[in-house]
1. Kindly check whether there is at least one residue in region 393-401 that is within 25 Å of residue 293 (Cα to Cα), among the aromatic types (Phe, Trp, Tyr) and buried (at least 17 other Cβ atoms within 10 Å of the Cβ).
2. Considering only strands (runs of 3 or more DSSP E) fully contained in region 373-443, which possess at least 3 residues that are at pLDDT 95 or above?
3. Among residues belonging to region 97-120 that are touching a residue at least 12 places away in the same chain (Cβ under 8 Å) and surrounded by fewer than 15 Cβ atoms within 10 Å (Cβ to Cβ), point out the one that is nearest to residue 56 (Cα to Cα).
4. If we keep just the residues of region 208-233 that are closer than 15 Å to residue 279 by Cα and hydroxyl-bearing (Ser, Thr, Tyr), which is nearest to the ligand (Cβ to nearest atom)?
5. Considering every residue within region 186-207, establish whether at least one is buried (at least 24 other Cβ atoms within 10 Å of the Cβ), within 16 Å of the ligand (Cβ to nearest atom), part of a loop (DSSP other than H, G, I, E, B) and in contact (Cβ under 8 Å) with a residue 24 or more places away in the chain.
6. When you scan region 362-374, do you find a residue that is farther than 22 Å from residue 309 by Cα and in contact (Cβ under 8 Å) with a residue 40 or more places away in the chain, even just one?
7. Are any residues in region 208-229 within 17 Å of residue 158 (Cβ to Cβ), of a type outside the set (A, V, I, L, M) and surrounded by 16 or more Cβ atoms within 10 Å (Cβ to Cβ), and if so, which ones?
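The values are calculated or read from the model by the stated rules, or taken from the named source; none is laboratory data. Everything numeric here is computed off the predicted structure, so don't read it as measured data. Every residue, glycine among them, receives a Cβ derived from its backbone with ideal geometry; neighbour counts consider all protein chains shown.
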Amino acid sequence: MFIKDEVKYRYNYHISPKQGWLNDPNGLCWFKGKYHVFFQSNPFANQPGKSYWGHVSSENLLDWQEEDFALRPDQDYDCDGCYSGSAIELNDKLFLMYTGHQNLSDSYKESQCLAFSEDGINFQKVSNNPVIENPPEDNTNRFRDPKIWKNEKNIYAVIGGESKENRGQVNLYRMGETFDNWQYQRKLAIAQKKDGIMWECPDYFEIEGDTFLIVSPKGMQDAGINGFASVYLQGDFGFNQTLEGYELNLIDLGQDFYAPQTFWDPIEKRRIMFAWFGMPGLQEQELKKQVGALTLPRVVKNKNGKLLFAPLPELQQLRTDEKALLPFDTIEDYSEIRMTPLNRHSNFLLRITSKIEGSSYQISYQDQKIEISFFDSLRNVRQSQKIDKVSELRLFLDSGLTELFINDGQHTFTNKCELIGTLAIEISGQLQAKAYTLRKGIQ
Ligand code: FRU
């Protein structure tokens, strides 16, 4: 079935499948000269289904080439979906660790599986799958999304879960002598009641001596939309300790950001994050117009224990031309706008409207508060955040995707808004703005 024509808008430089549904980024890595990004995909419909692992590769994180599916739901243990997971290089091979999802008559089973590849393109599932068949005793059957990593001595995986008291939790496993031998260690963190019934897509890493855990909680009370959000915890996850007293930090303040995953880029020595440009539940309403996409790659930085998510520096290479924006101007819907307030107390406003869709997106800064408001045929949204000082804003636009980075990723807002066609710009207040047209990035 070919369903491309049902979709009205395609993206220019965001990773997005040629057809069908996309959700979480998976298996992010650099392997044998290329960056690899996998993603949850249902190639047969513009809605979630039995997940495949879609695959794109790139030499520069800008120009992406579509590869064949890496995983298909073709075994008993993953017949209802090859759910989210991650990648690791071991003995010159690329291993993918993922969750096999299998529906049972009145429930479902989730177990952890492995596949490997010599060339990073063709994958083979190991014969002794699932390598972790059952969750720990204190975890329900919600047991998924292994994120695998190695330190000097051992290989570990964190696996998302739900406690028997219906709280999100993160299970830590260690690999034994062989890749099919995994031992449960302990919990890394357990959610307080208000913080979600299940913690999906965990990620664990260290930056400059601090350790961080990322999770995407389901059913989180303060999450805003639909009870979904993505957060990070910073803490000492010391070896016999379960983090229960923690502070949750929202990773992104927008409406359409979920299931982020990071990986270590061994070439440029930095940690990069991608996320699903979407949110469970909301996405379905938008399907006739847009297919799913991943966010732009963001560099994860540690600033005194707080994380910043900055746009990848190489994104500047997408720029084809540049112009200083006048108070009333126009730009294409595949552009970047870079804004610099004239001084730290500047108040300003930038409004973008699309004639075709009758939609509008606005950024205003007043009394040290930034407000993002937008409306289109689906939503009317207003969000704000106190920020003492705004030194730079960069807004990426791509056929209805908007990614706003404030102060090099101190705050980000990821939102879908139907900004399509030639866009009208209005600027007022003490703001200098430049626009760059961006070239295509996906084949
Ligand atoms: C998060 C998630 C994961 C799961 C995948 C299935 O969006 O629910 O927990 O592995 O999507 O597609």
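1. yes
2. Working: elements: 380-386, 393-398, 401-406, 411-416, 423-429, 431-438.
Qualifying strands (runs of 3 or more DSSP E): 393-398, 401-406, 411-416, 423-429, 431-438.
3. Taking region 97-120 as the starting set, the residues that turn out to be touching a residue at least 12 places away in the same chain (Cβ under 8 Å) are 97-103, 107-120.
In the following step, the residues that additionally are surrounded by fewer than 15 Cβ atoms within 10 Å (Cβ to Cβ) were identified as 103, 107-108, 118-119.
Details: 103: 28, 107: 33, 108: 30, 118: 17, 119: 14 Å.
The qualifying residue nearest to residue 56 (Cα to Cα) is 119.
4. 216
5. Yes, region 186-207 has at least one match.
6. Scanning region 362-374, I find at least one residue that is farther than 22 Å from residue 309 by Cα and in contact (Cβ under 8 Å) with a residue 40 or more places away in the chain, so the answer is yes.
7. Within region 208-229, 211, 212, 216, 217, 218 qualify.
One line per residue, one yes/no per condition, for (1) at positive phi; (2) among the small types (Gly, Ala, Ser); (3) in contact with a Ser or Thr (Cβ under 7 Å, 6 or more places away or on another chain):
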{"site": "158", "(1), (2), (3)": "no, no, no"}
{"site": "162", "(1), (2), (3)": "no, no, yes"}
{"site": "172", "(1), (2), (3)": "no, no, no"}
{"site": "175", "(1), (2), (3)": "no, no, no"}
{"site": "194", "(1), (2), (3)": "no, no, no"}
{"site": "201", "(1), (2), (3)": "yes, no, yes"}
{"site": "206", "(1), (2), (3)": "no, no, no"}
{"site": "221", "(1), (2), (3)": "no, no, no"}
{"site": "255", "(1), (2), (3)": "no, no, no"}
